[in-house]
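Engineer: This is the structure I want to talk about, given as structure tokens.
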Amino acid sequence: AEATSSPYDINFTDTDDTHKDEATNVFYHITKAFNYFYRGGIDEPFNIKPVTPYSSHIGLVDFPCNAIAGIRGSWFFQADINRCSEPLSLIADVVYHEYTHTALVNARFVGYAHEGLADYFGMTIGCIGQGDNEICDAIHNIYGGRSLENNLKYLQDLTGEPHHDGMILSGTLWSIRKQWKFIGLNTKDFDALVLRAIKRNAAREHQSYPN
């Protein structure tokens, strides 16, 4: 099955016959992530748009209980009873995580930094409400239960495994974001600062973002 991020090109019939409406779930959350990063292209720095066409593929068998991202899309694999009870495509955080990898492909970060940013935005995209009413789930329940609520420190907690080490960055950003909210500032403004820092780093490396 295949889903596309374009709101005008939906490859579904009236009934989604994929496992637990897997295709519909991925389509919805990819579209939500697209709208988070792009916002019509006029809300700098939220004007990041991936290379199009962007497509998501589900029900693949090569790497069970896994998900990967590429320049033009994301790939979600079937469950394996010995490793996961359901495919990761049914978890919104995972869909946001993989989309973030694609959206920030020009960030020029590698390894743990890219994983940390994907975890961070994988959570913030899913936040509900605004201001004092904002509700976020900081427990990133994928790939072994990574959490933005952690006390990991650089350099002492580096292991060389990108997903683990990424929690150092995502946890730091999340901790600052919480304090930002605590003193009454808008969390969207903090997320905007993070994106501006990413863009500045890309500019130093002579990269740009399509918008």
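The values are calculated or read from the model by the stated rules, or taken from the named source; none is laboratory data. Just so we're clear, the structure is a prediction, and the values are computed from it rather than from any experiment. Note that we place each Cβ from the backbone using ideal geometry, even for glycine, and neighbour counts take in every protein chain shown. Heavy atoms of the whole protein, side chains included, go into the accessibility calculation; ligands, DNA and RNA do not. Shrake-Rupley method; radii C 1.70, N 1.55, O 1.52, S 1.80 Å.
Engineer: How many residues, within segment 74-94, are at pLDDT 95 or above and in contact with a His (Cβ under 6 Å, 6 or more places away or on another chain)?
Structural biologist: Qualifying residue count for the region: 1.
Engineer: Residues of segment 79-109 being closer than 14 Å to F37 by Cα, open to solvent by 30 Å² or more (accessible area, probe 1.4 Å) and not in a loop (DSSP other than H, G, I, E, B), which ones?
Structural biologist: H101 - this is the single residue of segment 79-109 that is closer than 14 Å to F37 by Cα, open to solvent by 30 Å² or more (accessible area, probe 1.4 Å) and not in a loop (DSSP other than H, G, I, E, B).
Engineer: How about segment 28-64: which of its residues are farther than 20 Å from D93 by Cβ and of a type in the set (A, V, I, L, M, F, W, C)?
Structural biologist: I42, V51, V61
Engineer: Turning to a different aspect of this structure: I'd like to verify a number: residues in segment 22-60 that are modelled with pLDDT under 90 and of a type in the set (A, V, I, L, M), how many?
Structural biologist: 2
Engineer: Looking only at segment 110-125, which residues are of a type outside the set (V, I, T) and either assigned to a helix (DSSP H, G or I) or buried (at least 20 other Cβ atoms within 10 Å of the Cβ) (or both)?
Structural biologist: Within segment 110-125, Y112, A113, H114, E115, G116, L117, A118, D119, Y120, F121, G122, M123 qualify.
Engineer: Can you tell me which residue in segment 126-158 is most open to solvent (accessible area, probe 1.4 Å), limited to those that are modelled with pLDDT under 95 and polar (S, T, N, Q)?
Structural biologist: The selected residue is Q130.
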